[in-house]
1. How far is helix 36-45 tilted, in degrees, relative to the longest principal axis of the Cα atoms in the chain, given as a value from 0 to 90 rounded to the nearest 10?
2. Which of the chymotrypsin sites (Phe, Trp or Tyr not before Pro) found in region 140-210 are loop residues per DSSP with 16 or fewer other Cβ atoms within 10 Å of their Cβ?
3. For the chain, with only Lys/Arg (+1) and Asp/Glu (-1) charged at the beta-carbon, what is the dipole magnitude about the Cα centre, in debye rounded to 20?
4. For residue 123, enumerate residues with amide H under 5 Å from its amide H, sequence gap 5+ or separate chain, H modeled in the peptide plane.
5. If r is the Cβ-Cβ distance from residue 143 to residue 28 and R0 is 22 Å, what FRET efficiency results, to the nearest 0.05?
6. Over region 161-221, one equal point on each Cα, no solvent: what is log10 I(q)/I(0) by the Debye formula at q = 0.15, 0.19 Å⁻¹?
7. Which value, in Å² rounded to 10, gives the accessible area of residue 86 with a 1.4 Å probe and all protein chains present?
8. Please work out the FRET efficiency for the pair residue 173 and residue 220, using the Cβ-Cβ distance as r and a Förster radius of 25 Å; give the result to the nearest 0.05.
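The values are calculated or read from the model by the stated rules, or taken from the named source; none is laboratory data. Everything numeric in this text was worked out from a predicted model, so none of it was measured. Neighbour counts are summed over all protein chains in view; Cβ atoms, including those assigned to glycine, are modelled from backbone coordinates with ideal geometry. Each accessible area value is taken on the protein alone, full model and side chains, heavy atoms only, with ligands, DNA and RNA left out. Shrake-Rupley method; radii C 1.70, N 1.55, O 1.52, S 1.80 Å.
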Amino acid sequence: MNADLRVQGLKDSSETMDKAKEIVNMALAQKRSLLEPEAKALINSVGIPIPSSGAARDEDEAVNIAESISYPVVLKVISPQVIHKTDFGGVKIGARNKDEVKRDFSDIIENIRRKVPDAEVIGILVEKMAFQSTEVIIGGIRDLQFGPAIMFGLGGIFTEILKDISFRLAPITKEEALGMMEELKGYPLIEGYRGSKPLDRESLSDTMVKVSKLMEEIKDIQEVDLNPVFLYPEGLTVVDARIILKV
C-alpha cells in the first residue's frame, strides 16, 4: 500500500477541492477507504482545522515528529484493519518527552500484533495533543434514496445515550447549520450556559457547510465521521476523522 502519509505541519489551507479529489482518487486506485492521515489531509485541504501531525515508521521518526510539533502528543496506529483503535490498544495519549514517545510507539505495535495479528501496520500517527473542550460530532452519509445528508450532534452522553442529533439533506447553508445546532437539547452548551463562554458557532457552521460541500462534490465519499471535534470559544479542531469511500 503506497499511501501518502506526509501530513506534518498541516494547518488551515487555501487549497481547493482539487486536492481533496486527488487524495480520494489515490485511495480509489488502491480500492480502499482513507487512512486517518489521509482523511485529515483531505478535510484540511478544504480549510477544516486539524492538529499538527506526522506519520512515523519507527521510534526515531516518531520522536523527530513529536519534537517538531511540541509536546504533549498523541500516538495512534495507522492500519486499514484497525478502525476502532482504542479498543485494541492502538492509541496512547499525552507523551511528554522522547522516552515516553518511544515507549508508546512500542506499546502500540505490541498491542496490535497481539490483538489483531493479521493487521497491516502502515505506521504510527504522531499528533499534537489538542486542548480538551466541548466535544461535537459532524458527519455525512450518502443515502441511496435521498442522497447526501449531514449530521450534527454534541459528543459524549449526548450522542451515545440521549441521541441528541440533527440531520439535513445536503447541501446546507450556514443558516441551516445554525438551525441544526439550535434543535439540540444540549444547545445551551454551545450558546453559553451559567456563565460559561459561548462557543464559536461561526467556525462550527463553516465546518458543517464544508463537510456538506465535500459530500456534494465528491460522489465517491460514502461517509464522513468527524468525531470528536473540540469546539472552543474561538475556533475548533478535528481530533479524529474517518472517511469511507465507495470501493
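1. Roughly 50 degrees, rounded to the nearest 10.
2. Here the sparse-neighbourhood loop sites are 146, 193.
3. Values: 32 positive and 40 negative charges, 56 e Å.
For the chain, the charge dipole is close to 260 debye.
4. Those lying under 5 Å, H to H, from residue 123 are 78.
5. 0.60
6. Calculated log10 I(q)/I(0) at the listed q: -0.51, -0.74.
7. Ignoring ligands and nucleic acids, residue 86 comes out at about 110 Å².
8. Details: r = 24 Å, r/R0 = 0.96.
The computed FRET efficiency comes out at 0.55.
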